[in-house]
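Some notes on the structure that comes next.
Just so it is clear, none of the values below were taken in a lab; they were calculated from the coordinates. What you see is a predicted model; the values in this text were computed from it and never measured. Neighbour counts are summed over all protein chains in view; Cβ atoms, including those assigned to glycine, are modelled from backbone coordinates with ideal geometry.
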């Protein structure tokens, strides 16, 4: 599906257009990396002013470069790039990386240049990475279009980045840490190829097992969702997204001119596509090596095997904080451990073999724990001791890990004394962390990812019974000059999508109000209808518990005159008469349209505490039934609905149905920008829900 | 005040009792460290079986060791340690470190040995560190009673640990990271000298600027509070406490036999003494170097100066997540930057000087930003670039940092390319972090610590008007066989400490109920009094809004017969008649006695959502007014009381008064183990509070 990107990563020949002979120029650095690396195809510098650079013959133009050549790397001043792209197209080259800056990121003129490049490329069916990037480093084909110093070890992490500097820093950081990569992609301005394209390519790249990304913003949210959802089932995607805060979003925007977007929407997108979001670069590496070397545990029961107590306590806290628990070893396992270990050893969990523990004791203990049916995963901890060689311990752990399908990770706590052990362990596909806290965190991430993957994929719910699009069209047409729809106008929108609302009627005078109340049944509520008084309660525009015709009539009159007095400017459009609804749990359901992803649906605790408690979760429509359920379950409101202190469970299925219908309404009518039902009353299981108040924005 | 501990860290002569000539023995390692290190006093191995070890003459017993000698390091089998301590005492040695294990941690026999050692030591006014520890390494005196390989650079972090392995791992970790220490103390079983003693010593140790601790459990909580509160005003204490989770607490207990205690209480203790709690070993080092090299910023306005956008975005997010914000540079500063930097540079904040930024540009930009009145702190970021030497950049940053009293920290993102820069920066007292996220976190920690320190110290509130201890004594005497006191019996406890309670009377029949209601005024509430029905509401034991004598009378009868039917076993002790209280904000105030720290006072959102929302904060009594206020402000309930959406502020002072009085009640009466007021109704500012329900446990 993504084979048109292959020449970027494994080209048959590479033309470097604009290579300088000056060693202080970046284009010289690119040629040096191409020549000194392991790339075995042809490398052709193109520069009419030189006959050769670094021993490579230089070509006057792209047309004179010999076959085969399917990747052009362009490092020329921005104004001359469009004609160069044109020349590459004519030469039949299908992939080009534009290293040069001076495009979208510098303003309108740059953007115009960028757009011209894309237009030309489209004409030739060329794909472009960049501009304003450092390009690609592939550890398997040896292609390296970057000017970054150093090449990390070969491995199975594919890394994509919207920042070239991050790529460079990552390479520099991992050089001495035994962390292997399949490839790096610096995407720059993403004029053509974007993050979703690269993720799609990496999902079929045989050298990539884990996809790691540094991201500032996504262009097409719905396509990203569609691709990420599929890819996460094949390979884990680990994401470091900046712009989580307003300050971060501002930094992103001043950096690349792109919009970081609402992080709430990104989080929802990540949650529902199984993307593993990390909060720091350090965590990105920790999680990636966990994912690339090991498999997710089948449950959360973990054994710690250690030669010291303190680090085991740190690990225990970290495991607990990350949803894991200490496994209960069987009596048989404990008896076996007692027979093999130091008589003073602790054979419970943590298994503390004491400071003198030799490689053989680690082997015995780990093997026994991994064979225990109560165990899903092991964490082996070593602190440096005078007489034990950490690398030897690493070797036995690696051997044991190779023989089990349970999860084995390690923490060798220290620095100089344990770096050889890390080399050994990573070479044997066992991740090693300096601190036990990191190991605990990664174990939790592995488990959560495993749990996510083990849930049925489900399908997006997009077909509903009882939907009347025409009714919605009609209301929207009738109200087309109103930016805000109050309760009276939002009620029929909900009704058209079969979202249950409290029975009510919109009336224009007291007599009609009485008639409506008689029909609906008592007790009744009266609510003012006014486009200028949307906070009805605070405006004194609500009267509750009216028990007979007289009280409805007098309430109507009193409320009307009071509101006319307090808010003389407010336009009054009658009142809503509603039957008082029976008490239920109060939740809130809402939707606001995100610029990147579309309809962002919200669920949380409703009523007066909404603002104080911010107990809300988000997902993007369309979604699966499972995703809606996950959203509900992730909130405290979800716990309330599940039944606290022996209370009966509430009708969560009806809530999910509302969530899905509200999402569909938003998908069907893009002109609705926001909609909120607060409160939605939720009754006992089987007894449904009832929207008690609602409003919408266009 | 703590001069009796000085010989541990700077002894005039050291006797090593039990030194082996076998290089695989730990006692040999200790002698090697003492001999090979920089210690300049006399080192005297004591072992009757050798005439010399490692070129040092060996003494037959401690009495034959020449003067001066004021520290004995004992590495002998546990059973012979008490007699050795005795011999040391006779020899006039005032400080001893017992390295050996085999004491409390192995069971009752070991504990008995340990107690004997302490008893002997007390007799001679000796102080003991250990047993079961690795002792002390002091980088200034050169004393090193550990067998740890390697010695970290001299610096100003004093590290104490309840785990010897952690000490060893820390030394190993920091060896190549340019992190300097003043000393290490491994405290082992803390038979005599404990964490509080060491913290007290370090507070006066001139070589220590920051106190770092790995802790498993504290013995005397109230003394710890008293000392830590004072020391935090002089030197920051950075704490890594394990046992935060149940699993962690279990691991601690199986490790040392000590109790980790409730982490809630520890957190409260740390909060109110200004101790900086960290959650991982990695964070411990990050925070310590920040604290030791730099001063807390005076505000949260931070400038990022960078040569690349991605890491600046990461930093911005991290700063925001840690309570810092991006400063608004003045137009003058921006104009200056524009005149000095690359024309394409961003001169807003983050100041992005682009990839080619030279040391001089860093110097210009940092100087200008530090001179800006809108700036409290700067974060300089560098990603490795082809043509810029990071160490040169480090040097100019160090020079500028030396000339300002604002905060300067850095993140040089990478590995091999930036390690020399770290050496330079740390040498010039500027902390360098590998990842911008770490820098952002540390900046936030520095700021919070600065803010804490800038608050007036205040004094513990222990004197109250309107306290009637005798009344409490009487109630406790009358109820001495009751483990639980219901509302009826808890009300007078509160009243005795002038905590306002809703007016009410405890009556035994319907007629008295009516009489009481008439006296108290309508509407009234009736509540069952029964030691067996503490959840009165769930038992059907509450009737509200009774508006006249007839309804009180009938409610009494109905409730009584229904309860007799539903709960035939329950002992019924009459009913409480209460005047219905006006509506107010519902909060909860409580106390539970912590085994380590004593009365742990709680405050949070009350009413039905308590369990669902767990919006609670804790402090230990006695406390200052400021501490009580901080506790209230740290909760969502505090935000509610402060006034949401333009609502008037509630009577927070009255809440604080209740909190302090409840704490005093708990301090005065240790037999009360728990007490809870839920809800406490809080009215508008100046209108006080009212306890609506309460209970107590002994």
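Numbers below:
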{"read-out": "DSSP bridge orientation in chain B - percent antiparallel, rounded to nearest 5", "value": "50"}
{"read-out": "Cα centroid separation - the stretch A:108-178 against the stretch B:423-494, whole Å", "value": "52"}
{"read-out": "Copies compared at residue B:356 - label distances in nm, ascending, label defined 7 Å from Cα in the Cβ direction", "value": "6.5"}
{"read-out": "Separation of alpha-carbon centers, the stretch B:43-89 and the stretch B:305-373, rounded to whole Å", "value": "61"}
{"read-out": "Between the stretch A:267-289 and the stretch A:555-622, the Cα center-to-center distance that results, in Å", "value": "34"}
{"read-out": "The protein assembly as shown shape via C-alpha gyration tensor axes, a/c threshold 1.5", "value": "oblate"}
{"read-out": "Crossing angle, helix A:263-273 versus chain A [Cα axis fit, 0-90 degrees, rounded to tens]", "value": "70"}
{"read-out": "At 7 Å out from Cα toward Cβ: residue A:206 inter-copy label distances (nm, ascending)", "value": "7.0"}
{"read-out": "Contact order relative to length of the stretch B:585-697, as percent, for alpha carbon pairs under 8 angstrom and 6 or more apart", "value": "31"}
{"read-out": "Rounded to 5, percent antiparallel among DSSP beta bridges of the stretch A:3-290", "value": "15"}
{"read-out": "Ranked list, fewest to most other Cβ atoms within 10 Å of each Cβ, for B:195, B:271, A:373, B:420", "value": "A:373, B:420, B:271, B:195"}
{"read-out": "Mean ellipticity per residue at 222 nm, deg cm²/dmol - from DSSP H runs of n ≥ 4 across the protein assembly as shown, formula -39500 (n - 2.57)", "value": "-12000 deg cm²/dmol"}
{"read-out": "Burial ordering of B:579, B:519, fewest other beta-carbon atoms within 10 Å first", "value": "B:519, B:579"}
{"read-out": "Shielding by other protein chains, B:315-326, mean Cβ within 10 Å", "value": "6"}
{"read-out": "Three-way shape label, the stretch A:240-397, alpha-carbon gyration tensor, a/c 1.5", "value": "prolate"}
{"read-out": "Copy-to-copy label separations for residue A:649, where each label sits 7 Å from Cα toward Cβ, in nm and ascending", "value": "4.7"}
{"read-out": "Whole-number percent relative contact order across chain B, with pairs defined as alpha carbons under 8 Å at least 6 apart", "value": "8"}
{"read-out": "Exposure proxy order (Cβ contacts within 10 Å, fewest to most) of A:674, B:226", "value": "B:226, A:674"}
{"read-out": "Rounded tilt (10° steps) of A:390-401 against the dominant C-alpha axis of chain A", "value": "60"}
{"read-out": "Label zone at residue A:50, where the point sits 7 Å out along the Cα-to-Cβ direction: the stretch A:68-107 residues whose backbone N lies under 18 Å", "value": "A:72-77, A:99-100"}
{"read-out": "Within the stretch A:69-175, percent of DSSP bridges classed antiparallel, to nearest 5", "value": "10"}
{"read-out": "For B:137-149, mean number of other protein chain Cβ atoms within 10 Å", "value": "1"}
{"read-out": "Relative packing of peptides A:453-460, B:507-514, A:70-77, A:433-440 - highest average C-beta neighbours within 10 Å first", "value": "A:433-440, A:70-77, B:507-514, A:453-460"}
{"read-out": "Percent RCO, i.e. relative contact order, over the stretch B:293-420, from Cα pairs under 8 Å lying at least 6 residues apart", "value": "32"}
{"read-out": "Cα gyration tensor, the stretch B:3-290 - rounded (a/c under 1.5), prolate or oblate", "value": "prolate"}
{"read-out": "On Cα atoms only, tilt of B:281-293 relative to the major axis of chain B in degrees", "value": "70"}
{"read-out": "Neighbouring partner chain Cβ atoms per residue of A:159-165, average, 10 Å criterion", "value": "5"}
